[in-house]
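The values are calculated or read from the model by the stated rules, or taken from the named source; none is laboratory data. Remember, it's a predicted structure, so these values are computed and weren't measured experimentally. Backbone-built Cβ (ideal geometry, glycine too); neighbour counts: all protein chains shown. Side chains included, ligands, DNA and RNA excluded: accessible areas come from the protein's heavy atoms. Shrake-Rupley method; radii C 1.70, N 1.55, O 1.52, S 1.80 Å.
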Amino acid sequence: QVQLGESGGGLVQAGGSLRLSCAASGSIHSVNAMGWYRQVPGKQRELVAIITSGGSINYVDSVKGRFTISRANAKNTVYLQMNSLKPEDTAVYYCNANVRVWTSLRYADYWGQGTQVTVSS
């Protein structure tokens, strides 16, 4: 019922920038929080940044001052601007959205397919 389409990953040198985008589509009534997570092999998926429908934002400490999350509510789209990238930012980045569809009164979490971000030293 809901699909999250991600784009913007790739290979970049340390100190460079990338911008991730994620658009939610389908039978959407409303979207609550949207966020970005990342995962490296052998480790748990971690929250990178999250933004609520009202604009409240939280970041994991390791990206504060370097990453910026934003959203376009009318487009059900969330962005992650990543600057001053470091090799330790290398991971698969996943988009997450807390969505209510028209056929339900409840919100549920949906995930994108993931996009690889690789930062070379």
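Points worth noting:
- Candidate set: region 1-39, residues that are in a loop (DSSP other than H, G, I, E, B) and out of contact with any Pro (no Cβ under 9 Å at 6 or more places or on another chain); chosen: the one farthest from Glu88 (Cα to Cα): Ser27
- Residue-level analysis places Pro41 outside the set of residues that are under 17 Å from Arg19 (Cα atoms) and either of a type outside the set (Asp, Glu) or modelled with pLDDT under 95 (or both).
- Looking across region 72-93 at every residue that is open to solvent by 50 Å² or more (accessible area, probe 1.4 Å), in contact (Cβ under 8 Å) with a residue 40 or more places away in the chain and not hydroxyl-bearing (Ser, Thr, Tyr), the one that is nearest to Ser17 (Cα to Cα) is identified as Asn83.
- Any hit, region 59-69, residues being within 19 Å of Gly9 (Cβ to Cβ) and touching a Lys or Arg at 6+ places or on another chain (Cβ under 6 Å): no
- Among (1) more than 13 Å from Tyr37 (Cα to Cα); (2) among the polar types (S, T, N, Q); (3) open to solvent by less than 30 Å² (accessible area, probe 1.4 Å) - the single one Asn96 does not satisfy: (1)
- Selection within region 40-73: residues that are of a type in the set (Gly, Ala, Ser) and not in a loop (DSSP other than H, G, I, E, B). The member of this set that is farthest from Thr90 (Cα to Cα) is Ala72.
- Restricting region 99-113 to residues that are out of contact with any His (no Cβ under 7 Å at 6 or more places or on another chain) and buried (at least 17 other Cβ atoms within 10 Å of the Cβ), the residue that is nearest to Val40 (Cα to Cα) is Gly112.
- Filter result for Gly26 (in contact (Cβ under 8 Å) with a residue 60 or more places away in the chain, within 22 Å of Ser120 (Cα to Cα) and not polar (S, T, N, Q)): no
- Residue list for region 33-52, filter: open to solvent by 60 Å² or more (accessible area, probe 1.4 Å) and closer than 16 Å to Tyr110 by Cα: Arg45, Glu46, Leu47
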